[in-house]
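Everything below concerns the one structure shown next.
Every number here is computed from the coordinates shown, using simple stated rules; none is lab data. What you see is a predicted model; the values in this text were computed from it and never measured. Glycine gets a Cβ as well: all are built from the backbone with ideal geometry, and neighbour counts include every protein chain shown.
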Amino acid sequence: MNPMPMPTETRRIATGAAGRDVALVAPRPHLGMPFQRDEDSPTAPDKEPRGIKMVIDSLTAGYGSHAVLRNVSLPVIERTVTAVIGPSGCGKSTLVRCLNRMHEIIPNACVSGRVLLDGRDIYGGHLDPIELRRRVGMVFQKPNPFPTMTVRDNVLAGWRLTGTRPPNADGVVEDALRRAALWDEVKDRLKAPGASLSGGQAQRLCIARALAVRPDVLLMDEPCSALDPIATARIEELIHELASSVTIVIVTHNMQQAARVSENTAFLYMGELIEFGATAGLFTRPSDPRTEDYITGRFG
Amino acid sequence: MIVNNVGLLPPISPRLRSRRIADRVFRWAVMASVLLVLLPLVAIMGTVIVRGAPALDWNFLTSLPKPVGETGGGVGHAILGTLFLALGGLLIAVPVGVPAGVFLASDRMPRLGGTVRLCADVLSGVPSIVVGMFAYTLLVLPFKQFSAMAGAFALAVIMLPTIARTTEEVVRLVPSTMTEAALALGAPRWRVMMQVVLPSAGKGVAAGVIAAFSRGAGETAPLMFTAFGSQFLTTSPMQPIAALPLVLFNYAVSPYDDWHAQAWAAALVLATLVLAGNVIAKVATTRRSR
C-alpha cells in the first residue's frame, strides 16, 4: 500500500507511457468501430493493458484568492471507474470540473498546475476547451436534458451545438441510447420533448447525450443524487458496463456507491487529497486516520 | 372534553373597539384605492367604445379619407401606416435590443453591463417628443423630407429599452444548468445562446417584442415631425406616412362633427390594437412560468 497519494514513480510512468508523441499518433480505438468493444468481444478490454488516461499534477483551483483545491495529484487509469469521495465542500466537484475546464466558466475562477490528457496538458494552450469537452464528456448532478429539444435532438445536441453533423444520425442516436440503456424505453418516442422523461430516464438521456460524441472520458458529478434507489441502481449498472469502453471519473457523496462502482478511489478533505488507491484497499485498510474516520461515518 | 370558554373572555375593551374600527377603515380605504385604479381604464374604454362604435364599420377600417365636406371615408391608410411604422421600428429595434438583452443577462462585463442597463432605463424615461426631435434632426432635416423611415427610427428608439430589458429578464430565467450542459458538450458560447438559451426564452422574448410593438403603435409625439401623416395610402419609406395617433389628433382638433366621430372610432381601433398587444404579451409571459 502506498501511503502517498501520488508517488513520483507513478507520475513518471504516466508521462512515459502516454507521452505527447505517443498520444498524438495513437489511434483512438473506438472511432469507426462502435460495437466492437462493448458487444462483439466483451472480455477483450480486460486483457489489454490499461494505460493512464489522465494525470492530475499539483492542481490548485479556486475562486479569486480562495483555494478550493490545494496541490492535488492523482492518475486516472484508462477504462476504469475512479471515484472521488469526501464530505460536502471538500472540492470534489471543483476537481472534476477542472478536468474538462468547466471550472473556468465561473467568473473569478483560477487554476494552476497541470492536467494531462493522453500526455498533453489541457491547460497548456494548444488544446481548445471546445475540443477538450468533446473528448471529456460530463453528466451533472441534476438531469438537465434540453427542454426545447426532442429526445432524439438531445442525443444529437453534442454534434449540433458544435456545428457538426454526425455521418449517420440515426445510427448515432440508437448507439448512444443503447449504450445508456435507454433505447428500449424511448425508441418509440424519439420525437417526444426531452423534458417528458422521468428523472432516471432523463439522467440516462444526459448520459446518452454525452456518449453520442464518443468521448474518451466521462465525468459524472453526483449523477444519482437526484434519483430514487431503483433509478440509481440502473445508473450504477450502466456505469459498470460503460467502464469497458470509457474512462469514468465519478464524484459521489455516497461511499457505498463508490465501493460498488469504482476500481480506484480518491478521498478529498478540505481541498486536499488525503488518500488515493484501489477502492477495495481504501475502504478496508485506509492508511490515513482521516480516511478511516470518514468511511466509518465519524464525520461528513 | 371541550369547554366553551366564550364566557371566560374579558369584555371588549375600548382599545380593542378602536382597533376594529381602524381595521375596517383601512379595509375600505384599500378597496376604494383598488377601484380608483381600475376606474380610469374602464372609463376610457367605456367612453371610447360608446362614442367610437357608431362610426366604426368595415368601410371605416378599409377606405381612405374623403375631402372636407364629404361624409364617409375611413382610416385604412392610417391603420396600414401604423402597422408599417411599428413593424419598421421592430425591424431596427429587435436586432439591436435582443442581443443587448442577452449581453446584459450574461454578466460577462459587469461594469459595461451596468452602464448599458442604466442607459436603457434612462432612455425609456426620455419624453417621446424629444425622441421625435432627435429623429427629426437626424433623418428629416438632412433629406428635407418627412418620411416613414424617420418615424420608424423614432419608434425604434422608444421600443429599444423595452426589448432589451425584457430579453434580459427572460434570458436570466433560463436555468444556468442548461448553459452548463451545453458548454460541457463543447458548444461555443454563441451557439449556446442561439440554440439553447434563446429557444428556451423564446416565448418571453416574443412577449417583449409584442409589448414594444404596442408601445410604439400608440406613440404620437415622435411621429408628428417625422412620419408627419398623410391623406393617402403610402408605403414608400421615403414618403410621409399616415398613422392612427396622428389621424386621431388631427381629426379631434378639427372643427367638423363628422371628423370628431371618426376620431373616436380611430381611438377605439388604436386602443384595441394596443390593449390586444399588452394582453397577448401578458398571457405569453405568465404561461411560460408553468
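Taking 0.36 nm per intervening residue step and subtracting the Cα-Cα distance, what contour gain separates A:Ser88 from A:His66 on full extension?
Here the answer is 6.3 nm.
A simple charge model with +1 on the Cβ of Lys and Arg, -1 on the Cβ of Asp and Glu and nothing else charged puts the dipole of the stretch A:173-213 at about 100 debye relative to its Cα centre. Under a model in which nothing but the beta-carbon of Lys, Arg (+1) and Asp, Glu (-1) is charged, the stretch B:11-55 shows a dipole of about 360 debye around its Cα centre. Distance between the C-alpha centres of the stretch A:56-95 and the stretch A:208-232: 19 Å, rounded to the whole angstrom. Quarter the surface of the alpha carbon convex hull of the protein assembly as shown and you get the mean projected area, 44.2 square nanometres.
Work the Kirkwood hydrodynamic radius out for chain B: mean of 1/r over every pair of different alpha-carbon atoms, inverted, in Å. Please report the intermediate quantities before stating the final value.
Numbers: mean 1/r = 0.0447 Å⁻¹.
Every distinct Cα pair counted, the radius reaches 22.4 Å.
For the listed residue pairs A:Lys142/B:Lys203; A:Lys92/A:Lys142; B:Lys203/B:Lys282, the alpha carbons are over 21 angstrom apart in A:Lys142/B:Lys203. For B:Thr177 and B:Val253, a Förster radius of 45 Å and the Cβ-Cβ distance give a FRET efficiency of 0.20, rounded to the nearest 0.05.
Charging the Cβ of each Asp and Glu at -1 and of each Lys and Arg at +1, and nothing else, the dipole of the stretch B:58-289 about its Cα centre rounds to 760 debye.
Placing a pseudo-label 7 Å from each Cα along the Cα-to-Cβ vector at B:Ala22 and B:Val37 gives an inter-label distance of 2.4 nm.
Between B:Leu91 and B:Arg51, the modelled labels are 3.5 nm apart [label points 7 Å from Cα along Cα→Cβ].
Please work out the Cα convex hull volume for the stretch B:11-55 and give it in Å³ per residue.
Expressed per residue, the convex hull around the Cα atoms of the stretch B:11-55 is 51 Å³.
The stretch B:195-260 and the stretch B:76-127 have Cα centres separated by 16 Å. Distant-in-sequence amide contacts of A:Tyr269, defined by a placed amide H-H separation under 5 Å and a gap of 5 or more residues or a different chain, comprise A:Ile274.
With each pseudo-label sitting 7 Å past Cα toward Cβ, what's the B:Thr235-A:Ser58 distance in nm, one decimal? For B:Thr235 paired with A:Ser58, the spin-label model returns 7.2 nm. Under 25 Å of direct C-alpha separation, and excluding same-chain neighbours fewer than eight residues apart, B:Lys144 reaches no lysines at all.
To the nearest 0.05, what FRET efficiency results for A:Asn254 and A:Asp293 with a Förster distance of 25 Å applied to their C-beta separation? Walk me through the intermediate numbers first.
Values: r = 17 Å, r/R0 = 0.69.
Taking R0 as 25 Å, the efficiency between A:Asn254 and A:Asp293 is 0.90.
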